[in-house]
Amino acid sequence: MLVVEDERRLASAVRRGLTAEGFVVDVAHDGVDGLHQAREGGYDAVVLDLMLPGLSGYQVCERLRAERNWVPVLILSAKDGEYDQADGLDLGADDYMTKPFSYVVLAARLRALLRRGARPRPAVLAAGDLHLDPAARTVRRGEAAIELTAREFALLEYLIRRAGQVVAKSELLEHVWDPDAIGDLNIVEVYAGYVRRKIDTPFGRHALQTVRGAGYRLAADGG
Ligand code: CA
């Protein structure tokens with residue numbers, strides 16, 4: 001394991017706690033060293049603080065993923081807002097724990113990450129030349145930037161995460177709109193139309209496909 005933590009007493013405590021759980025642990029005390037060691041050290045996983053001197057944990061994680069380094073990353077931070085968690089996960093982290101924490105739970109979460117391994121988890125989602133970046137909240141078709149409203153973006157994100165699969169309108173209504181929304185499936189059709197007019201029509205493409213009687217499918221090849 002690599003533990004990136006600038007508070008030295010906490011870093012030592014994490015090292016002792018994880019060593020007691022059977023891990024071999026190195027420590028880096030700032031973001032720059034942390035990034036360097038994560039790149040070079042061949043670690044099975046990285047435990048990453050967010051508030052670090054040099055580079056923040058967000059930046060370390062973002063840079064690793066931009067370099068297609070898929071080492072499992074668990075963010076361990078005092079920041080506990082749900083947006084902080086979402087930001088960390090959007091940047092390609094695999095898990096998130098807040099301080100204070102239990103070493104037993106931390107070790108269990110790390111073992112779960114190790115079982116999953118360093119599979120590619122691109123932070124930018126793609127279907128062919130259609131790209132959606134959940135963190136930057138941007139969409140591109142090739143080099144062309146596409147402006148979507150928040151709801152259109154959420155609809156496209158849900159579909160691009162399941163590219164190639166048929167997704168029922170009722171599932172979209174539940175996940176992209178209010179979970180308790182009493183189903184008016186027409187709203188899904190209306191928004192699918194909006195999205196299609198932005199990501200497909202101007203480019204002469206057909207990524208957002210209607211599957212009659214079933215729902216929608218975003219073509220995995222971008223249409
Ligand atoms: Ca810190």
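The values are calculated or read from the model by the stated rules, or taken from the named source; none is laboratory data. Source: prediction; values computed, not measured. So basically every Cβ, Gly included, is an ideal-geometry build from the backbone, and we count neighbours across all protein chains shown. These area figures cover heavy atoms from the full protein model, side chains too; ligands, DNA and RNA do not enter into them. Shrake-Rupley method; radii C 1.70, N 1.55, O 1.52, S 1.80 Å.
Things worth noting here:
- Using a Gaussian network model of the chain in which every pair of alpha carbons under 10 angstrom is joined by a spring, one finds that among Gly117, Gly92, Gly34 the greatest mean-square fluctuation is at Gly117.
- Under the convention that each Lys and Arg Cβ holds +1 and each Asp and Glu Cβ holds -1, the size of the dipole of region 83-219 around its Cα centre is about 600 debye.
- Whole-number D in µm²/s for the chain (Stokes-Einstein; Kirkwood sum over Cα pairs; 25 °C, 0.890 mPa s): 128 µm²/s
- Anisotropy class assigned to region 21-68 is oblate, per the alpha carbon gyration tensor with a/c at or over the 1.5 cut-off and a/b no larger than b/c.
- In the context of the full set of protein chains, residues of region 115-223 present 55 Å² of accessible surface per residue (probe radius 1.4 Å, heavy atoms only).
- By definition, a body whose alpha carbon gyration tensor gives a ≥ b ≥ c is prolate when a/c is 1.5 or more and a/b is larger than b/c, and region 126-223 fits this prolate description.
- Mean Cβ count within 10 Å, highest first, over the residues of peptides 53-59, 168-174, 110-116: 53-59, 168-174, 110-116
- Among the protein heavy atoms of the chain, carbon and sulfur supply 49% of the accessible surface, probe 1.4 Å, non-protein parts ignored.
- Taking Cα atoms only, the orientation of helix 186-199 departs from the longest principal axis of the chain by about 80 degrees.
- Under 5 Å from the amide H of Val3 lie the amide H atoms of Asp26, Val27, Ala28, Val47, each residue being 5 or more positions distant or on a separate chain, with H modelled from the backbone and absent for Pro and chain starts.
- Value at 222 nm in deg cm²/dmol, rounded to 500, when DSSP H runs of n ≥ 4 in the chain each add -39,500 (n - 2.57): -12000 deg cm²/dmol
- Cα shape, region 92-144, gyration tensor, a/c 1.5 rule: oblate
- Beta bridges per DSSP, both residues in the chain: antiparallel share near 55 percent.
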